[in-house]
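Right, one structure below, let's go through it.
The values are calculated or read from the model by the stated rules, or taken from the named source; none is laboratory data. Because the structure is predicted, anything quoted here is derived from the model rather than measured. All Cβ positions, glycine included, derive from the backbone under ideal geometry; neighbour counts span all protein chains shown. Quick note on the areas: whole protein, heavy atoms, side chains included, nothing else; ligands and nucleic acids left out. Shrake-Rupley method; radii C 1.70, N 1.55, O 1.52, S 1.80 Å.
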Amino acid sequence: FTKAQGGWILSLDADERVTPELAQEIDLLLKYSPTFKAYAIPRRNYIGSYWLRYGGEYPAPQVRLFLKKEFKYEEAFVHPRALMEGETGYLKRDIIHYSHRDIADYLNGLNGHTTLEARKWYLSGCKMSLGRALWRAFDRCFYRRLLLKQAYKDGIYGFAVAFFSGVYQVVSYMKYRELILNEKDRPKEGGV
């Protein structure tokens with residue numbers, strides 16, 4: 001963000017696209033004195049050509065438009081939070097998020113993100129237990145995604161994303177345990 005010239009930043013990932021409707025909405029907003037310092041924008045998340053509409057995948061607004069001088073991201077390996085004071089406004093038009101080319105790409109991403117999650121827990125000193133990981137798996141998969149947010153309405157894609165959100169917790173825990181076990185097995189300095 002430091003090289004940006006304007007006062008406002010629209011932060012996008014490489015796999016995200018601005019719809020013409022969103023571009024128009026932002027243009028109008030910036031012409032007429034925005035009320036807030038930051039705005040969350042809904043995202044349409046895709047696996048291949050399938051748009052995930054349920055299970056918490058849409059509208060899934062994220063802060064992406066903000067005043068440069070007022071905003072920063074949390075330093076985190078995975079899923080950094082937006083840090084800024086004050087209320088956030090909400091835009092109506094979507095960002096298109098081509099998050100995964102296909103299910104294989106989705107699973108590769110899951111593998112990478114669980115490694116980062118495990119490292120985050122380990123390096124922050126978080127005390128994660130198997131029971132907590134299993135509870136989080138149940139909570140994220142069945143309770144939140146399938147029941148509350150109706151992922152089943154997205155058919156097999158909704159069930160898969162809900163299921164793998166639970167698997168994410170368990171695999172992250174397994175990788176976290178590996179980090180702890182590897183640390184215990186590492187020889188101490190000066191030792192044999």
Suppose all protein chains stay in the model; what accessible area per residue would a 1.4 Å probe give for the chain, in Å²?
64
Comparing 53, 44, 144, which has the greatest mean-square fluctuation in the GNM of the chain with Cα pairs linked when under 10 Å apart?
144
By how many degrees, between 0 and 90 and to the nearest 10, does the Cα long axis of helix 20-31 differ from the longest principal axis of the chain?
70
Nearest 10, in degrees from 0 to 90: the angle of helix 155-185 to the longest Cα principal axis of the chain is 50
Length released on extending from residue 70 to residue 19, taking residue separation times 0.36 nm less the Cα-Cα span
15.8 nm
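Report the percentage of all Cα-Cα pairs in the chain whose separation exceeds 26 Å, rounded to a whole percent.
45
Below 8 Å between Cα atoms, with a sequence gap of 6+, how large is the relative contact order for the chain in percent? Working shown, then result.
Values: 271 pairs, mean separation 45.0, N = 192.
Computed value for the chain: 23 percent relative contact order.
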Using a 1.4 angstrom probe on heavy atoms only, work out the carbon and sulfur share of the accessible area of the chain in %.
55
Taking R0 as 45 Å and r as the Cβ-Cβ distance between residue 11 and residue 177, the FRET efficiency 1/(1 + (r/R0)^6), rounded to the nearest 0.05, comes to 0.85
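Calculate, in nm to one decimal, what residue 27 and residue 163 gain on full extension: separation in residues at 0.36 nm each, minus their alpha carbon distance. Let's see the in-between values first.
Numbers: separation 136, 0.36 × 136 = 48.96 nm, distance 3.93 nm.
Extra length available between residue 27 and residue 163 comes to 45.0 nm.
Report the charge-dipole magnitude of the chain in Debye, nearest 20, computed about the Cα centre from +1 at each Lys and Arg Cβ and -1 at each Asp and Glu Cβ.
Details: 30 positive and 22 negative charges, 75 e Å.
I would put it at about 360 debye.
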